[in-house]
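Please treat every number below as a calculation from the coordinates, not as lab data. Every value quoted in this text rests on a predicted model; they were computed, and no experiment measured them. Note: ideal-geometry Cβ built from the backbone for every residue, glycine included; neighbour counts use all protein chains shown.
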Amino acid sequence: MNHSDDLRHLADCASCRQRFSENVLPFDVARRREGARAFAAAAVQMERERENAADIVERQLRQISIEEWPSLAESPALRNNAALEQMSEEVRKRIERKPVEALAIANLAASIAESLPANAYPPEVMAQIRSTALRDRANALRYLGRLAEAFDSIETAESRLGDFPGASHDRAIIWMVKAMIQGQMDLFEEAEQMITSASIIFADVNDLSRFFQAGLVYGNLLGRQKRYDDAQRIFRDLLGVATSTGDEETQARLYNNLGHCAVYLDDYAGANIHFSESIARFTDLGLLAEVPRTNLGAALVLIGKGQVDSGLARLEDARRAFIALSMMGEAGLCALRIIEVLIDRGDTEQARALTGIVIDEFEAAGLDTRAVQAVASLQSSIDADGATGDAVRTVHEFVQRLAADQDQAS
Amino acid sequence: VNVIATETFDPTIVDMTAVVPDCVVDCSIDELDFGRMYEDNLSLLVAIAMRKFQVPEADAEGLAHEVFYSYLKRKNEIRDLHPWLIGAICHASRYFWRQNSRRTEQLDHSWATLLPDPASAAILDLLPAQLAAREILESLPPRYQEILRLRYYEGYSIREIADYLGVTAKYTQKLMAKCLRRAEQVYNAAPARKKS
């Protein structure tokens, strides 16, 4: 093949692009100019809106309570693409920690997007605006476990782009969210097809961040089907790409995933190496909270596979690191995991001592008194009959739920 | 207190569906710049749609136009313009054909004759295999032919074929495997190939 016809080469070589384009288009100069003019006008409108919007969404959300947010749909300042882009960003920022708020914002955005006049932007842009809002809504619903509604919303988002082949990048992002929803619905076959199609587009448009994310989603889908060998292969391939592009954070996450695969494949030596690689990279990047989280995740799978000593050592490391970062809630939850292991081993004396420490820590950190009471009742239960692993797990779930509620309320 | 998500297989998945732009955003607003970008790249995108994917001229221009508009929404996260534009027009063309595969007879073949696709350079090498494939296809039952045509000639996904046939994707997958097995049997049964 002539190198000037190779699309990858064309992306890099201006003269070949010119040669490739020559004599193909029978130019209608007037139509072409009109196309350029319309495009430039839309571009300038959108850029101006972005410039003028500043932090309008953050300010307006702050001024009123969450119950009143739907009324913002009538606010003229929010009825444009720039404000909707900010809302999308607000959804992203909240989705993990405050999914209820994320959903409220996504609902607001969807309501605005769907009610914008059809001629506010060119039809292609309108379709993107609407599909993005609906996609965010689907994602927030997914986080809240409302999967049927999430699926409906993502299907509607996809249908908004149905008449626009040119919106392939947007479509791929929708497919990725759809794959995650399908994965949570245990529709693995459909989810795999969806994420594969999305990955191809991300690779072709050079969207490396989403390409990696799609790979992680794919690996996760495989892992959930217990196809750890396949998942490991995907993570290794991605690691090669992340290494060649120098993306350290993705490498750290991939090493962690490889560690999980290795544990499930009974390769404990390999798992420890992968987890260590992950921790080393998170440390180098200064993402210090990720270090104990990696250790905690590793510990849980190791313990689950009967590697109790190794898991316990990692739990203790994680707890120490959480304390050093003043993340007392996480440190306490980590301690409850340790207590569970100690009780399962019959080491009630040490377990009891640790519950006392956790109570002191929770009180000192000013955590919810119900959390303190729950741990105190666990301590009483240990005193009375030694307690069981199940009892500790119940307390852990309770404290974790309190933490989630508190987090959403704050 | 933060919640620690540990229940999933992969605890490292973070939601990044809205990726924060990591490239420097050029905030200067200049209509001329956008107009120039459009004019500088329109021919390339139309050429790719027409020459690589044989999209008819009028549709190719429409696709290119859509790709430019799509760029406006994603502009701040695109690192390199040309790879993005080229990737986007390729997928736009594929999507176009998936949507319009029933209209393949409306292809403007005169363009293909005047400006042959460079991919056709190896046609002599590929021809025997293509002929053999066609011969095998024609010897299969009509339903098998239709399914294989939809999948391999028209590029439908398993799901789309399932919708078309009114059956489940899983069943379609099985059906596809059956069609391929049958095609393989026909291929192996041919005397000349058996010898080889």
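Structure notes:
- The range A:134-258 - charge dipole about Cα centre, Lys and Arg +1 at Cβ, Asp and Glu -1, debye rounded to 20: 280 debye
- Isolated Cys in chain A, by beta carbon distance under 4.7 Å: A:Cys261, A:Cys334
- Here the simple spin-label model places points 7 Å from the Cα toward Cβ, and for A:Arg345 and A:Ala313 these points are separated by 1.2 nm.
- Between A:Asp368 and A:Ala54, the FRET efficiency estimated from the beta carbon spacing at R0 = 41 angstrom works out to 0.65.
- Among B:Tyr164, B:Tyr38, A:Tyr268, sorting on how many other beta-carbon atoms sit within 10 Å of each Cβ, with the fewest leading, yields B:Tyr164, A:Tyr268, B:Tyr38.
- Each Lys or Arg adds one and each Asp or Glu subtracts one; over the other residues with Cβ under 11 Å from the Cβ of A:Gly286, this totals -3.
- With R₀ set to 51 Å, the beta-carbon distance separating B:Arg182 from A:Ile273 gives a calculated FRET efficiency near 0.60.
- By the count of neighbouring beta-carbon atoms within 10 Å, fewest first, B:Trp84, A:Trp69 end up ordered A:Trp69, B:Trp84.
- Neighbour counts of other Cβ atoms within 10 Å put A:Arg236, B:Arg74 in the fewest-to-most order A:Arg236, B:Arg74.
- Residues A:Glu67 and A:Asp383, FRET efficiency given R0 of 51 Å [Cβ-Cβ distance, rounded to 0.05]: 0.70
- Principal-axis tilt of helix A:81-94 within chain A, Cα atoms, nearest 10 degrees: 20 degrees
- Checking the cross-link pairs B:Lys52/B:Lys73; A:Lys98/A:Lys305; A:Lys178/B:Lys73; A:Lys98/A:Lys226; A:Lys305/B:Lys170 against a 24 Å limit on the alpha carbon distance flags B:Lys52/B:Lys73; A:Lys98/A:Lys305; A:Lys98/A:Lys226; A:Lys305/B:Lys170 as lying beyond it.
- Each Lys and Arg contributes +1 and each Asp and Glu -1, all at the Cβ; summed about the Cα centre of chain A, the dipole is approximately 800 debye.
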